[in-house]
Amino acid sequence: MDIKDRIKLLMEHEQMTSAAFAEQIGVAQATISHTLGDRNKYPSTDFIMKLHDRFSYISLDWLLTGKGNMVDSKNDTTNVNPEYNYSLFKDEKTEIPHNPLFATENRKEIESGCYTSTIQQPVIQNIEYKNIVEKKITEIRIFFDDNTYQIFKPEK
């Protein structure tokens with residue numbers, strides 16, 4: 001397994017498309033395609049460092065050499081403060097801890113009341129077509145840098 005395969009495994013682990021993965025690490029989507037394509041043998045150091053900065057729990061040793069575990073035991077996210085270790089999508093069993101910063105009384109949002117919909121009339125535009133009289137060139141003057149000019153008149 002080479003580094004490209006390990007990057008693909010990381011993308012699968014994060015359940016990300018190449019576009020989402022590129023956005024997460026701050027590179028263009030073409031960079032992901034180029035890195036994972038057949039032309040390149042190894043990704044750039046800048047790419048690897050951006051990837052490791054964003055996904056710091058991934059073992060750099062595993063990413064570069066394939067040795068060890070994918071998740072670095074020193075940076076394992078399961079050791080995060082349990083107060084902030086909860087799912088983004090709350091289910092009935094998960095209880096989000098009380099944090100005074102997020103208390104209802106500290107919010108700036110104000111309920112606006114009942115929403116009423118008003119139907120707006122469409123804007124009607126009248127397009128007026130005017131007949132334009134065809135114009136013909138009567139003469140062309142070309143001025144030269146020596147303060148002379150030449151007149152050209154079309155043949156009739």
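Bear in mind that the values in this text are calculations on the coordinates, not laboratory data. Since this is a predicted model, take the numbers as computed values, not measurements. When we count neighbours, we look across all protein chains shown, and the Cβ atoms used for this are built from the backbone with ideal geometry, even at glycine.
From most to least packed by mean Cβ count within 10 Å, the peptides 122-132, 38-48 give 38-48, 122-132. Shown here: segment 3-79, whose C-alpha atoms stretch 35, 23, 20 Å along the first, second and third principal axes, sorted largest to smallest.
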